[in-house]
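Read through the structure below, which is laid out as C-alpha cells, and then see the notes.
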C-alpha cells in the first residue's frame, strides 16, 4: 500500500507542475510525418520555404523511417504509400538527389506499392497543386454541394464536421486548379512511367455498387466541368467563400486543425488573396504556432489539446484528493469556463438550442464544440468550488442540455454531430480518409453515461435506457467494445464499463462479465496491458501490444468499475504501474494510444502517460484505503516488491 500511495503522490506532484500559469494543461499532440511533408509542400506552394526549413523537416522525417525504409502512419507500422511519397518529395526539397542510395531504396519501395498513383485522394490534391500529379486523376469536389439545403440527404451537413472543414476549401481549390510546380520532376515515382500510368480511380469488382455509382458520377462531373455551361458555379463559389470566411472567425484557423488550416490558405490564394493579405498572414501565424523546433529538427502538431488535457487533469487531480478549492483547480476551472462556446455552430442544424453551449478541444474553435470534451469539462467543473458559483451552474446546465440534445436516434452519442450516419458518403471518391461521417460510438456513449450520473440521471432515465440498449447492441462477440477515439478495444471497453457502473447498471450481468473475461484474457505476462494501433486493420491484434501506462490504466479502471475488487489481474496491473514509474512521477510511454481517423491518422497524447495512471492509482487507493489488511493489498505489496529491482534504473530516466 505504501508503494502505491507514494506513486500516487509523485504522479500528482508531477502533473501539478505541468500546469501553465494561465491555468490550463496541454501536452504535445504528436502525429506522423504527413504533417511535416505536407507542411513542406505548403511552404513551397506559398513561396515561404527555404533550404534550412526543408532540411530541419527532412531531419525529423528521416528519424521516423520504419524497418522497410519507408514511412508508416504509426510507429512500427507497415509502409504507407501516401506518407512515403510525400516524405520522398520532402527529401527532394531538402536537397537529396534521387540518385542517392537511400532515395533509390525509398523509390523502389514506393514502386513496389504501386507507385504514386496509389496515394489517397487528399494526397493527390496536394501533389496536383505542385504539379506532381495530374488534376485529371483527382476526384471532383464540386462547389455546388454547398447549395443543397442543410437538411437535404446529400448535403455538406450530412458529412462529418472535419470533412466539411476540409472539403469546402478544397472545392474552391479544385475549381481553380492553381498550380505552382516543384523545382523538379518526380516522374520516377510512376510505375512504368508517367506517360502510361493509369491515374484514374479503380472501379469496384462489383459492377452494381455505390462505389461504382459515385465513380460514374465523378466522370460525368469532370466532363461537365470542361464544358462552358456552369449556371450555378459562380453562386456556389461565392457561398463557399462566405462559408470559409465565417468559420475563420471565432477560431485559431479553420477547424483549428492542420489539414483544414492549410486548405483554407490554398483556397484564399486560389480566390486571389495575395500572400501578404492580413487574413492569409493571420492563418499563416496560426500554422506556425503548431511547429516545434528541437535540436536539428522541426516537427508539427496537428492541433493543440488544452481543453481536453485540462479537463482530464482537473477531474483526476480532484479525485486524487486535492480539495475543491485548491488554487490550481480553481485556476483550471475558471480557464475552462472561459472556453465555453458562445456562438451557434453547425451542430445547431440538428440540435437547436435556446443558447450556445458546449466545449471544444483546442484553445479556440467555437464553431465545433464536441460531446467528448464537453462531458469531461462538465464533470470537472462540478467538482471544483468557484467564487462565482451561479455562473458555473448556468454553464453546467447549458452543457448538460446541449449534450442531451446531441443524442442520436439509435441511443448513442457521436463526437461533433447528431445522426451523422449516412454510410453512403463513405463510398464517394474523395472519402478514403475514412471519416466522411461521425456515427455514434460506444466509447463516447459510455462516457456520456458516466457524466449524466454525476447530474442525477440513472439507468432508468429514458435517455440512459436508450444509450444502454445501444451499448448492448454494439458489444463484440468476445465481450469487448470498439474504441473510436483511442486504441482501441481496451479504450472502448474501459469507457463502457465505467459508464455502466456509474449510471447504476447491474455489473453482474452477462454483458459485463464477458467484458471482464476479455480484459483478463489479453493481460500481458508482465501484468500490464497494451494494444497496437494495428488492431484497427487486423482483428487478431485486438488487445495485443507492449504494455503501456495509459492502456494498463484503462484496463484497471474498467475492471474496478466491474466490481473486480479482489482481482488478481487488477493487482498485477497496479504493481506494473507502481514498478515502472519514473523518479519524477511520470511514466515513459513512446507508444501511440490515440486515434484521429482509424486506419488513416493516429496520435500520441503526451499527457496520457500521466493523468490516466494517476486515475487508476487513485481508484485503487480509494478502494483499499480503509482496508490495509485486505488480501489484495498484501498480494500487491509482494508483487510490487518483486518488480522493484529494475525500477531505480527506469526512474533515472523520465523521458516523455
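The values are calculated or read from the model by the stated rules, or taken from the named source; none is laboratory data. Given the structure is predicted, the values throughout are model-derived calculations rather than measurements. So basically every Cβ, Gly included, is an ideal-geometry build from the backbone, and we count neighbours across all protein chains shown.
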Residue 404 passes all but one of (1) part of a loop (DSSP other than H, G, I, E, B); (2) touching a helix residue (DSSP H, G or I) at 6+ places or on another chain (Cβ under 8 Å); (3) surrounded by fewer than 20 Cβ atoms within 10 Å (Cβ to Cβ); which number fails?
-> (1)
Report yes if residue 376 is in contact with a strand residue (DSSP E or B) (Cβ under 6 Å, 6 or more places away or on another chain), modelled with pLDDT of 95 or more and either crowded, with 17+ Cβ neighbours inside 10 Å or more than 27 Å from residue 30 (Cα to Cα) (or both), otherwise no.
-> no
Exactly one condition in (1) part of a loop (DSSP other than H, G, I, E, B); (2) more than 28 Å from residue 70 (Cα to Cα); (3) modelled with pLDDT under 95 is not met by residue 202; state its number.
-> (2)
For the stretch 1-34 the number of residues that are in a loop (DSSP other than H, G, I, E, B), crowded, with 16+ Cβ neighbours inside 10 Å and modelled with pLDDT of 95 or more is 10
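Regarding residue 388, is this residue in contact with a helix residue (DSSP H, G or I) (Cβ under 9 Å, 6 or more places away or on another chain) and free of Cβ contacts under 8 Å to residues at least 12 places away in the same chain?
Taking the combined requirement at face value, the residue satisfies it.
Residue-by-condition table, conditions (1) within 24 Å of residue 535 (Cα to Cα); (2) assigned to a helix (DSSP H, G or I):
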position	(1), (2)
58	no, yes
65	yes, no
70	yes, no
74	yes, no
87	no, yes
98	no, no
103	no, yes
106	no, yes
124	no, yes
Kindly provide the set of residues from the stretch 143-160 that are modelled with pLDDT of 95 or more and crowded, with 20+ Cβ neighbours inside 10 Å, ordered by number.
-> 143, 146
Scope the stretch 519-534; condition part of a helix (DSSP H, G or I) and under 18 Å from residue 574 (Cα atoms); matching residues | 519, 520, 521
Among the residues of the stretch 61-91 satisfying the criterion of being touching a residue at least 60 places away in the same chain (Cβ under 8 Å) and crowded, with 21+ Cβ neighbours inside 10 Å, which is farthest from residue 293 (Cα to Cα)?
-> 85
Number of positions in the stretch 207-248 that are part of a loop (DSSP other than H, G, I, E, B) and either touching a helix residue (DSSP H, G or I) at 6+ places or on another chain (Cβ under 7 Å) or surrounded by 11 or more Cβ atoms within 10 Å (Cβ to Cβ) (or both) | 3
Residue 179 meets each of (1) assigned to a helix (DSSP H, G or I); (2) more than 27 Å from the chain's Cα centre (by Cα); (3) over 20 Å from residue 422 (Cβ atoms) with one exception, condition (1)
Could you figure out which of (1) under 21 Å from the mean Cα position of the chain (by Cα); (2) in contact (Cβ under 8 Å) with a residue 40 or more places away in the chain; (3) not in a helix (DSSP H, G or I) isn't true of residue 481?
-> (2)
Criterion (surrounded by fewer than 22 Cβ atoms within 10 Å (Cβ to Cβ), assigned by TED's automatic domain parsing to the domain that holds residue 463 and out of contact with any helix residue (DSSP H, G or I) (no Cβ under 6 Å at 6 or more places or on another chain)) met by exactly one of 568, 502 = 568
Tell me the helices (runs of 4 or more DSSP H) entirely within the stretch 259-346 that contain at least 2 residues that are more than 24 Å from residue 178 (Cβ to Cβ), free of Cβ contacts under 8 Å to residues at least 40 places away in the same chain and in contact with a strand residue (DSSP E or B) (Cβ under 9 Å, 6 or more places away or on another chain).
-> none
